[in-house]
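Note sheet for the following structure.
Laboratory data are not the source of any read-out in this text; all were calculated from the coordinates shown. Bear in mind the structure is a predicted one, so any value in this text is a computation, not a measurement. Every residue, glycine among them, receives a Cβ derived from its backbone with ideal geometry; neighbour counts consider all protein chains shown.
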Amino acid sequence: MACSATAKIIQPPMSINSTRSPDKSDNCTKLLCPSSFLGPNKKLFSINKTISPLSRRSATVVAVSSDVVKKKKVESNPVSNLLVTKEEGLELYEDMVLGRSFEDMCAQMYYRGKMFGFVHLYNGQEAVSTGFIKLLGNRDCVVSTYRDHVHALSKGVPARAVMSELFGKTTGCCRGQGGSMHMFSKEHNVLGGFAFIGEGIPVATGAAFTSKYRREVLKEDCDDVTLAFFGDGTCNNGQFFECLNMAALWKLPIVFVVENNLWAIGMSHLRATSDPQIWKKGPAFGMPGVHVDGMDVLKVREIAKEAITRARRGEGPTLVECETYRFRGHSLADPDELRDPSEKAHYATRDPITALKKYLLENNLASESELIAIEKKIEEVVEDAVEFADESPVPARSQLLENVFADPRGFGIGPDGKYRCEDPKFTEGTAQV
Amino acid sequence: MAAVTRGLGATAALSSANSKKFQFTTRRSLSGRKGSFFAVESNGNPRSSLNRHNNRTRQLVTNAVATKPDSAAASTVSKPGHELLLFEALREGLEEEMDRDPHVCVMGEDVGHYGGSYKVTKGFADKYGDLRVLDTPIAENSFTGMAIGAAMTGLRPVVEGMNMGFLLLAFNQISNNCGMLHYTSGGQFKIPVVIRGPGGVGRQLGAEHSQRLESYFQSIPGIQMVACSTPYNAKGLMKAAIRSDNPVILFEHVLLYNLKERIPDEEYVLNLEEAEMVRPGEHVTILTYSRMRYHVMQAAKTLVNKGYDPEVIDIRSLKPFDLYTIGNSVKKTHRVIIVEECMRTGGIGASLTASINENFHDYLDAPIVCLSSQDVPTPYAASLEEWTVVQPAQIVAAVEQLCQ
């Protein structure tokens, strides 16, 4: 079984092959397993190539260095060859369950008329968010797209703050001014939440630039890393390529995480992309490109460790393509009629939460009752978040003009000679500006 | 064109001394920690009280097109000042701010080793290093976005568009992120970015290099726009823009980089939201900015000889408008002409006309006249190019007609 985090495409079982890459290399298929979840198996990494400057230029796949990972495994689990400790496992489980429950609750609330507009849910992709973000420290930055609720939650933004934001209440993380697609948190370094795809990638590149600047110009002790999450559709956008170039050029501490869920609303990745293997685009710009099974949180986590460590060491960016899937439509307004039911069924069997649960139980890292306790706890957290959001006040009119400018003198000088922001009506939100 | 710019260097020097230098009452102290900084009122007294309202009503120097600024700053200025060209003034302002705050950095194409396409950052790469003066690849949208991300995380980048027109490629980032992120994040992240570059109609540069982007950017909420026109205000506005926590777009003009003027040795910072009184007058208010200021002043000479007394205001702040200075002028003269280089449709002049009509309608004796460039892609041929832009003769004719 080599359901491994190699850089080759892992193809689904031959019976369901309608939507995957037309890559003709078959050497993978015989190694395939229907449940591609990783077990406590040494065959995890069978590739021994380390990342080197030469391999960047080669057209072949660049894979994760197995030596580093093996060493890590030994350090963290001297007794077993498991990939996580019990604590880590439970932390991952809890985070994914939080993501899933929260999104399910969002759907409920949306259909009940508590939130409006465009709401994009993350069901099915939890392994990517949890796998990457749980490795970060508070100072590391995360930049996402409009499918950002779970990235914010994984980074530590309280569920209450996210739910309030979705309800448009003043206690939301952005005071109700951002909404579903604009989750920001200065405290937890979540830099958004962007509605247009691709426009967050340069912002992430900028955050990584600041990290390098702090280290090299300001001589601060800074090894902050930035993660940029985006989808397969974005990988055909100019900003993606421009930032790959700049990040590799200046060796910025950033990891580009592609959440390839195969669909950009109704546009299949294969119909939109000349070469659908996104990981290949990394080496073209001089950085390693890695493909990983994004439905498997432990595999994602192993790759993430390597990529994040690389960035922290100042070795530059990595492009990680996570093969994942969203169980729901593009947004809550999407009837999701275009996708093949058998494709959906296939990925449903690869539900990351079910898989992690199985792993934890099979390896005696946790008991059934512990996992159920976590689920119960999360249920309460989400319910509490809804209650909190429900009871929170809506933004008052006074909030209307407050945050347009960091320096409100930007509204200018009125006919009476005073700054507009000095007008008492300004704080009421009724001033003419 | 060269004759125009050189000849008006003198006028520029005179007008600078009469600009009001402001100090906002409580919030931010512009008089810094440096002992050499001072704020001077135009009647020559160093600022004693911080009461801005009193100062608003003080007397303006009556004749700004005269000889040396004797009564104004001279009496309190200990040093004679130094002469430099506008691009050097920009450079000086930028350098002072970079020395003052290590978080200020520059990003753009050819800003580093090349020294900037108009030499505004010449010598900076040697002094500050390649990371602080970053030579970017040709990817405006992405490096502007990168500057925004850097600003959100604590730096204060100055982005140079090699030509303002190139920033059309960065419109996504400027509009969505630069302008809006402070609001969308509920005030959590500020974007203290300065976006600057040369724009305007040059000398036969062709349509795409002769664009005026101020009209496209003016609707973006959350940004400020200023246009510099003299070495004095170029340096002052550059410094103010860098110190501001708001995103500021600083419009420079390709033909004004070689203007020469004597500026103070002491440190000074101008106010981003204020307009500049260039020449007080009684008969008509002429509102202008950037290069058109010089066409207006040239027309003013002719007008003065013909017996008119135009009041010329360089609005400087394109967004927001300084309605106080403008309003006081309208209330005095009751006639307004706007002279701008922007396109006729949807330009700064159009917005300004609307704003004045809305706020000062009762004070107007005649409809506002707006002289703007033709809605024509700037042609290459010099003769055609000349006709797309407002010329002094047209200004004179317009004033004569308005003041009948």
Discussion item. I'm checking my understanding of the structure. Among residues of the stretch B:256-277 that are outside any loop (DSSP other than H, G, I, E, B) and surrounded by fewer than 21 Cβ atoms within 10 Å (Cβ to Cβ), which one is farthest from the other protein chains (Cβ to nearest Cβ)?
Written reply: B:260
Worksheet item: Condition test on residue B:203, is it part of a strand (DSSP E or B), more than 10 Å from every other protein chain (Cβ to nearest Cβ) and among the charged types (D, E, K, R)?
Response: no
Worksheet item: So which of A:306, A:337, A:321, A:302 is outside any helix (DSSP H, G or I), among the acidic types (Asp, Glu) and either within 21 Å of residue A:132 (Cα to Cα) or under 22 Å from the mean Cα position of the chain (by Cα) (or both)?
Response: A:321
Worksheet item: Can you name every residue in the stretch A:166-197 that is in contact with a strand residue (DSSP E or B) (Cβ under 9 Å, 6 or more places away or on another chain) and without any contact (Cβ under 8 Å) to a residue 24 or more places away in the chain?
Response: A:173, A:174, A:178, A:184
Worksheet item: Is at least one residue of the stretch A:355-373 among the β-branched types (Val, Ile, Thr), in a helix (DSSP H, G or I) and touching a residue at least 40 places away in the same chain (Cβ under 8 Å)?
Response: no
Item to complete: Would you please name the residue that is farthest from the other protein chains (Cβ to nearest Cβ), looking only at residues in the stretch A:130-143 that are out of contact with any Lys or Arg (no Cβ under 9 Å at 6 or more places or on another chain) and outside any strand (DSSP E or B)?
Response: A:137
Practice prompt. Give the stretch B:141-168 a look and list any residue that's more than 9 Å from chain A (Cβ to nearest Cβ) and in a helix (DSSP H, G or I), or say none.
Written response: B:164, B:165, B:166, B:167, B:168
Worksheet entry | Subset of the stretch B:352-397 [in contact with a Gly (Cβ under 8 Å, 6 or more places away or on another chain), within 18 Å of residue B:336 (Cβ to Cβ) and away from chain A (no Cβ under 14 Å)] | B:370, B:371, B:372
Worksheet entry | Hits in the stretch A:228-242 - residues which are out of contact with any Gly (no Cβ under 8 Å at 6 or more places or on another chain) and within 14 Å of chain B (Cβ to nearest Cβ) | A:241, A:242
Item to complete: Those residues that are of a type outside the set (A, V, I, L, M, F, W, C), buried (at least 24 other Cβ atoms within 10 Å of the Cβ) and facing another protein chain (nearest Cβ under 8 Å), I need them from the stretch A:157-176; list them, please.
Response: A:172
Response to the item:
Quick count over the stretch A:101-110, residues being under 27 Å from residue A:372 (Cβ atoms) and of a type in the set (Phe, Trp, Tyr), is 1
Response to the item:
For residue B:138, the lone unmet condition from (1) within 14 Å of chain A (Cβ to nearest Cβ); (2) touching a strand residue (DSSP E or B) at 6+ places or on another chain (Cβ under 6 Å) is (2)
Fill in: Residue count, the stretch A:215-243 (criterion: touching a Ser or Thr at 6+ places or on another chain (Cβ under 8 Å) and not in a helix (DSSP H, G or I))
10
Worksheet item: Can you tell me which residue in the stretch A:244-285 is farthest from the other protein chains (Cβ to nearest Cβ), limited to those that are in a helix (DSSP H, G or I) and closer than 26 Å to residue A:334 by Cβ?
Response: A:270
Worksheet item: Which condition does residue B:211 not pass, out of (1) away from chain A (no Cβ under 14 Å); (2) crowded, with 24+ Cβ neighbours inside 10 Å; (3) under 30 Å from residue B:346 (Cα atoms), if it passes all the others?
Response: (2)
Worksheet item: Considering only the stretch B:100-115, how many residues are in contact with a Leu (Cβ under 9 Å, 6 or more places away or on another chain), part of a loop (DSSP other than H, G, I, E, B) and away from chain A (no Cβ under 12 Å)?
Response: 2
Response to the item:
Every listed condition ((1) within 14 Å of chain A (Cβ to nearest Cβ); (2) farther than 30 Å from residue A:407 by Cβ) holds for residue B:300 save (1)
Worksheet item: Within the stretch A:230-237, can one find any residue that is of a type in the set (Phe, Trp, Tyr) and either surrounded by fewer than 24 Cβ atoms within 10 Å (Cβ to Cβ) or more than 19 Å from the chain's Cα centre (by Cα) (or both)?
Response: no
Worksheet item: If you check every pair at least six apart or on different chains, which have Cβ atoms under 6 Å apart with a residue in the stretch A:407-425 that is farther than 14 Å from residue B:327 by Cα and at the interface with chain B (Cβ under 7 Å from one of its Cβ atoms) first and a residue that is polar (S, T, N, Q) and buried (at least 20 other Cβ atoms within 10 Å of the Cβ) second?
Response: A:407/B:244; A:407/B:246; A:410/B:224; A:410/B:246
Worksheet item: Inside the stretch A:178-193, can you point out the residues that are crowded, with 24+ Cβ neighbours inside 10 Å, facing chain B (nearest Cβ under 8 Å) and within 20 Å of residue B:175 (Cα to Cα)?
Response: A:178, A:184, A:191, A:192, A:193
Worksheet item: Of all strands (runs of 3 or more DSSP E) completely enclosed by the stretch B:299-359, which ones contain at least 2 residues that are farther than 15 Å from residue B:225 by Cβ?
Response: B:310-314, B:336-343
Worksheet, complete the sentence: Of those in the stretch B:231-255 that are within 13 Å of chain A (Cβ to nearest Cβ) and part of a strand (DSSP E or B), the residue nearest to residue B:211 (Cα to Cα) is B:249
Practice prompt. Could you tell me whether the stretch B:122-129 includes any residue that is basic (Lys, Arg) and either on the phi > 0 side of the Ramachandran plot or surrounded by 16 or more Cβ atoms within 10 Å (Cβ to Cβ) (or both)?
Written response: no
Practice prompt. For residue B:366, indicate whether it is outside any helix (DSSP H, G or I) and among the small types (Gly, Ala, Ser).
Written response: yes
Discussion item. Cβ contacts < 7 Å: first residue more than 7 Å from every other protein chain (Cβ to nearest Cβ), restricted to the stretch A:198-212; second residue surrounded by fewer than 24 Cβ atoms within 10 Å (Cβ to Cβ) and acidic (Asp, Glu), any location; separation 6+ or different chain. Result?
Written reply: A:211/A:224
